[in-house]
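*Asks:* Structure below; questions to follow.
Bear in mind that the values in this text are calculations on the coordinates, not laboratory data. Worth saying up front: this structure is predicted, and the values here are computed from it rather than measured. With ideal geometry, Cβ positions are generated from the backbone for all residues, glycine too; neighbour counts draw on all protein chains shown.
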Amino acid sequence: MLNYFSLDTFAAIKSSIATRNFSPIYFLMGEEPFFIAELSELLIETVLPEEQRDFNQTILYGKDTSIDEIISCCKRFPMMAEHQLVVVREAQELSRTLEQLLSYVLQPQPTTVLVFCYKYKTLDKRKKIYKALLKSGVVFESMKMYDNKLPAWIDQRVATLGRSIEYNASMLLAESVGADLGALSNQLSKLCLVVEAGEKINADHVEMHVGISKEFNNFELRKALGAGNTTQAYTIVHYFGLHPKQHPLLGTINSLFKFFIQLLTYHGLPSKSPDAVAKALGIHPYFVGEIEQAARRYPLKTIVPILTTIKKADLAAKGVDAVPVSEGEALKELLSKIC
């Protein structure tokens, strides 16, 4: 059978499920639980119609089951149905005994669809069970989403809902919500409900319906610093100080650190063509101009001291060798040193 990794073929797995081209085994593993949950729920919705689930669908949990029980369930025949479905949630709890599944994996029941939700872990690719799963079923590794990939994922997610979104709105959501894909998905579903059909989701919609300010956020803070607009940067930081729950200090420090790492990378690029910069920094070509402007303001010799300052601020925010101050005051002090 096919072996699927990362997000590139996620749509292919969904498509095969939607067309009822089922594998006898789906082993869904990895650090990002969102995709594991989405694929398992799609299988639950698709393999059996609702009226056949009482007799042909079994949901087990890793803490409360055993490999023997799973195999016993899998070897049953479906009752008045084409398939039976066995889903093992929290399957990572069975990691020590998983090799006992080998005999079944080598000869799976063709009328059974077995789904393992193996969250936060991956199988040792050297083990026999892993190699057997590759031959008999679908193995999907759900990898953590990097921050620079979030806007593209948001665009794709919105497209699957039959809508479109402006890139600035995608960036705003990515910056503010972060890599919590479940939370992002919920916000996007809400936006698709409240924004009129045919209208493109924009930053105003995000501000109005998600509660994220389009003017006061980490994205706009970086933009102000890159443009040399210190007045605007201090205004944003002051706003953050007034709303620390919505704009936690560590989140802002992390955002600034990534920004100056991008500038450091930019200065070291052999080619500074827009395409080369966008690819190297993992950004949309639309934002290359802002990076170029910021790089002119922050030459290479200034960036390493700034990164050192940001690291010290990060340690202080975590209570290491720090004098207690409010988050707002800590941000203002950091900004003054950067500027």
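*Asks:* Please check which bits of the range 198-240 a label hung off Gln246 would reach, taking the label as a point 7 Å along Cα-to-C-beta and the cut-off as backbone N under 16 Å.
*Replies:* Zone members listed by number: 203-221, 235-240.
*Asks:* I would also like to ask the following. How high is the FRET efficiency between Glu82 and Ala12 when r is their beta carbon distance and R₀ equals 22 Å, given to the nearest 0.05?
*Replies:* Rounded to the nearest 0.05, the efficiency is 0.45.
*Asks:* Let me ask something else about it. Which of these values of volume of the Cα convex hull per residue in Å³ was calculated from the structure shown: (i) 161; (ii) 126; (iii) 181?
*Replies:* Read-out taken from this structure: (iii).
*Asks:* Compute the Cα gyration tensor for the range 192-305, then decide on rounded, prolate or oblate, letting a ≥ b ≥ c be the square roots of its eigenvalues: rounded whenever a/c is under 1.5, prolate when a/b is larger than b/c in the other cases, and oblate in all that remain.
*Replies:* Oblate is the answer for the range 192-305, as a/c is 1.5 or above yet b/c matches or exceeds a/b.
*Asks:* Ok, one more. Using only Cα atoms and rounding to the nearest 10 degrees, what angle (0 to 90) does helix 181-194 make with the longest principal axis of the chain?
*Replies:* Approximately 80 degrees, to the nearest ten.
*Asks:* Going 7 Å from the Cα of Asn229 along its beta-carbon direction, which residues of the range 274-290 have the amide nitrogen within less than 16 Å of the resulting point?
*Replies:* 287, 289-290
*Asks:* Turning to a different aspect of this structure: Using the eigenvalues of the Cα gyration tensor, what equivalent ellipsoid semi-axes result for the range 147-210 when each is taken as the square root of five times the eigenvalue, whole Å, largest first?
*Replies:* Output for the range 147-210: semi-axes of 16, 12, 11 Å.
*Asks:* Then there's this: Subtract the Cα-Cα distance of Glu51 and Gln100 from 0.36 nm times their separation in residues, and report this length gain in nm to one decimal.
*Replies:* Working it through step by step, the gained length comes to 14.3 nm.
*Asks:* Pairs of alpha-carbon atoms within less than 8 angstrom and 6+ residues apart define the contacts here; what relative contact order does the chain have, in percent?
*Replies:* In percent, rounded to a whole number, it is 15.
*Asks:* Now, a different point. For the residues Tyr120, Tyr167, what sequence is obtained by ranking on other C-beta atoms within 10 Å, fewest first?
*Replies:* By the 10 Å Cβ count, ascending: Tyr120, Tyr167.
*Asks:* Here is a further query. Could I have the simple spin-label model distance between Glu333 and Ser189, label points 7 Å from Cα toward Cβ, reported in nm to one decimal?
*Replies:* The answer from the label model is 4.3 nm.
*Asks:* Further, regarding this structure: Just list whichever of Lys190/Lys332; Lys279/Lys318; Lys149/Lys312; Lys63/Lys258; Lys14/Lys128 have alpha carbons separated by over 31 Å in the model shown.
*Replies:* Going by Cα-Cα distance, Lys190/Lys332; Lys279/Lys318; Lys63/Lys258 fall outside the 31 Å limit.
*Asks:* A further question follows. How high is the relative contact order of the range 208-322, given as a whole-number percent (alpha carbon pairs under 8 Å, six or more residues apart)?
*Replies:* It rounds to 29 percent for the range 208-322.
*Asks:* Now a separate question. Do you know the relative contact order of the range 88-154, to the nearest whole percent, from alpha carbon pairs under 8 angstrom that are 6+ apart?
*Replies:* Dividing the mean separation by the residue count of the range 88-154 yields 38 percent.
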